[in-house]
Structures are given as C-alpha cells and as structure tokens.
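Engineer: The structure that follows is given in the form of structure tokens.
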Amino acid sequence: MKVIATINGSITAESMAFYALKYAQVQNLTLVLLHVENKKDNLDDVHASMHRITTISESQNIKTERVLLKGSTQKAIKLFLSDGFTDTIFCSTRKKKNLLSNSFSLLLTKMNLNVDIAIVRITKISSIMDLDSVVLSIKEDRLSVEKFTFFSTIALAFKAEGEIYSVSSMSVRELSRVDIHKAREKLGVINHNLRHYLKLANIMKFPLNIKHDFTNSESKSIFTHVVKSDAQLVVIGAKRLSITSFLNKEMPIEKLMREASVNTIAYYPKEK
C-alpha cells in the first residue's frame, strides 16, 4: 500500500510532502514522490526536491519511491494508480482568488479516482516541524470514520493534541433567539454522537477534546477559533467537485483555505 506526494519542485510542494511522509510512517506505507512532466515545472528543481525528501524518509526508515510520468496528466495518473493500491494522494495548492481554479488540485478532485485526496495549503513552513495542535472542523456531529482516521493519523504522527471543532450553522435571526436550555440539549446530543471517537482517542493515547460554536458564518468562526486556539494545522472534510458545484459561487472551503492564517488540509475521502 502506498501514499503519494505530488512534487513540482516548489517549496510549498516539498513542505506538503512532509505531512505525507509522517502519514506514511504511522500507517507503515510506502511514500511515492510523483511528478507528471509538464512545461511549467523545472525538472532539475523536481529532482532536487525529491532527493531532499528521500534523504529525510530514509533517515526515518520510510520506504520511498520516485516516479516521473509523461503524457496526459489524467491518463498518466489513472494508469499509475491502476497498478497497485494507493491509500491517499497529497497535493499542495497555492493562494489564488479562486483557490482551485485551473490547478492540479482541481483536476484531482474532479477525477473519478478510487483514492483519498488531501489538498494542502501551506502558509507557515515553520509550523510543520513545530506541530503540537491539530483542529478538525466539522458540522455538528458529521464525522466519518475516514475523516477521523486521517485526522488522528496526522495528530499521532506529530504527537500533537487534537481538537474537534463542531460548528452549528444558524441564521442571524435564529442566533438572536437561541434558548440556552435548548442549546445545551443540542450540544449534549452532539457530544453523545461523537463519544465513540473520544473513546478511540483514549485507546490510542491521543489527547482529544471537543469544542462547539453556533454561527451564521462557518468560515469566519473557524478563522477566529483557530487564531484563539494557537493550532498549527486545520483539517477540513470536503466533497469531490462536480461541474455544478464548480460553476456556482465560491464554496466556504475555498474561502477558508484561501484566507486561513495556518496550514490547512482539505480531506476528500474516495467516493462510495
């Protein structure tokens, strides 16, 4: 089984690969450093980046492979993935007005790939090595086993504390009329539905807590919470893009990843 880090020779892609490296270490996977040749990326930079990552991987006893593909990006990736089992593809993205527009990240999320995808936005390279707190943002109690497994693997890899930040969306009018008793009841239900994840965290010796918020702006609340919590990484669950969602207005996850002040990973589990 393998985990892929897509490398283009940039410092952000190389930094992203360190998350993939640590993920591979915990899950005992082979780390594949993959590049699809194109006119934009400098191959010398790609090889140099792969060499530096491989040196770190080997020093930590992580099996590493280097793969250079040619031809159509979609066809090359699908053909490579058909020959063996891949758990997750890690890919970096850059800050743009439309974060995923015309990018390799967008291409991955639109392809019908039978793998999980982790799109990584790097804002602070130093935070990768100093990671001691990871936040997983979810809506109410919507937490899948796949999402929790990815989140907990990253936290365990860095021996970091974890936090589930549960956001309940409401209109401005609903927020102004919130009944304290009913709010407590709702939070109690959410905590009850998430209790098994806390039990799993306890078994794994993984420090985990849950925090809640009622808001009419999910992205804004996450921004504020992350700043207050001093977390170095935020993980957000996401869905694969469809043509309809792509043509619609900006999605909250795009705004969050573009404007977040900390490193962010959008995790796309494979479609069921």
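The values are calculated or read from the model by the stated rules, or taken from the named source; none is laboratory data. Since the structure is predicted, the reported quantities are computational estimates derived from the model, not experimental observations. Don't worry about glycine lacking a Cβ; one is built from the backbone with ideal geometry, like all the others, and counts go over all protein chains shown. With ligands, DNA and RNA removed, areas are computed over all heavy atoms of the protein, side chains included. Shrake-Rupley method; radii C 1.70, N 1.55, O 1.52, S 1.80 Å.
Engineer: What is the distance, in nm, between label points placed 7 Å from the Cα along the Cα-to-Cβ direction at Arg173 and at Lys228?
Structural biologist: Result for the modelled spin labels: 2.7 nm.
Engineer: Pull up the cross-link candidates among the aspartates and glutamates for Lys228, meaning alpha carbon to alpha carbon under 18 Å and not fewer than 8 places away within one chain.
Structural biologist: Output for Lys228: Asp130, Asp132, Glu161, Glu163, Asp213, Glu218, Glu259.
Engineer: I've got another one for you. List the residue ranges in the chain for DSSP H helices whose C-alpha atoms run 30 angstrom or more along the long axis and whose Kyte-Doolittle average is -1.0 or above.
Structural biologist: Sorted by number, the helices that extend far enough and score high enough are 180-203.
Engineer: Using the alpha-carbon centroid of each, what span in Å lies between segment 127-156 and segment 167-242?
Structural biologist: Here the answer is 12 Å between Cα centres.
Engineer: A follow-up question, please. Rounded, prolate or oblate: which fits segment 123-264, taking a ≥ b ≥ c as square roots of the Cα gyration tensor eigenvalues, rounded meaning a/c under 1.5, else prolate when a/b beats b/c?
Structural biologist: oblate
Engineer: If I take every Cα pair under 8 Å that is 6 or more residues apart in segment 110-241, average their sequence separation and divide by the length, what percent do I get for the relative contact order?
Structural biologist: 38 percent.
Engineer: What is segment 1-122 by shape, rounded, prolate or oblate, if you read a ≥ b ≥ c off the alpha carbon gyration tensor as root eigenvalues and call it rounded for a/c under 1.5, prolate for a/b larger than b/c, and oblate otherwise?
Structural biologist: Verdict is rounded for segment 1-122.
Engineer: To continue, here is another question. Just the C-alpha atoms of the chain: what Rg/Rh do they give, with Rh taken as the Kirkwood radius?
Structural biologist: We get a ratio of 0.98 for the chain.
Engineer: Can I ask one more? Rolling a 1.4 Å sphere over the protein heavy atoms, what is the accessible area per residue of segment 1-122, to the nearest Å²?
Structural biologist: 48 Å²
Engineer: Which residue fluctuates most in the GNM of the chain (Cα springs below 10 Å): Ser127, Ser176, Ser221?
Structural biologist: Looking only at Ser127, Ser176, Ser221, the largest GNM fluctuation is found for Ser176.
Engineer: Let me ask another. Skip the ligands, DNA and RNA, and give the accessible area per residue of segment 158-209 with a 1.4 Å probe, whole Å².
Structural biologist: That works out to 69 Å² for each residue.
Engineer: While we're looking at this one, here's another question. How many lysine pairs in segment 1-146, separated by 8 or more positions in sequence or lying on different chains, have Cα atoms less than 16 Å apart?
Structural biologist: For segment 1-146, qualifying lysine pairs total 10.
Engineer: For Lys124 and Asp213, FRET efficiency with R0 = 22 Å and r from the beta-carbon atoms, rounded to 0.05?
Structural biologist: 0.40
Engineer: Could you work out the helix-only [θ] at 222 nm for the chain, with each DSSP H run of four or more residues adding -39,500 (n - 2.57) and the total divided by the number of residues, to the nearest 500 deg cm²/dmol?
Structural biologist: That calculation yields -13500 deg cm²/dmol at 222 nm.
Engineer: Mean separation of Cα pairs under 8 Å and 6+ residues apart, divided by the residue count of the chain: what relative contact order is that in percent?
Structural biologist: About 21 percent, as a whole number.
Engineer: Taking all protein chains as present, what is the carbon and sulfur share of the accessible area of the chain, in % to the nearest whole number, probe 1.4 Å?
Structural biologist: 52 percent
Engineer: Which whole-number percentage describes the relative contact order of segment 37-139, with Cα contacts under 8 Å and a sequence gap of 6 or more?
Structural biologist: Taking the mean separation of contacting Cα pairs over the length of segment 37-139, I get 22 percent.
Engineer: Running a GNM on the chain with Cα contacts under 10 Å, which residue among Thr109, Thr55, Thr64 ends up with the highest mean-square fluctuation?
Structural biologist: For the chain, modelled as a Gaussian network with Cα springs under 10 Å, the answer is Thr55.
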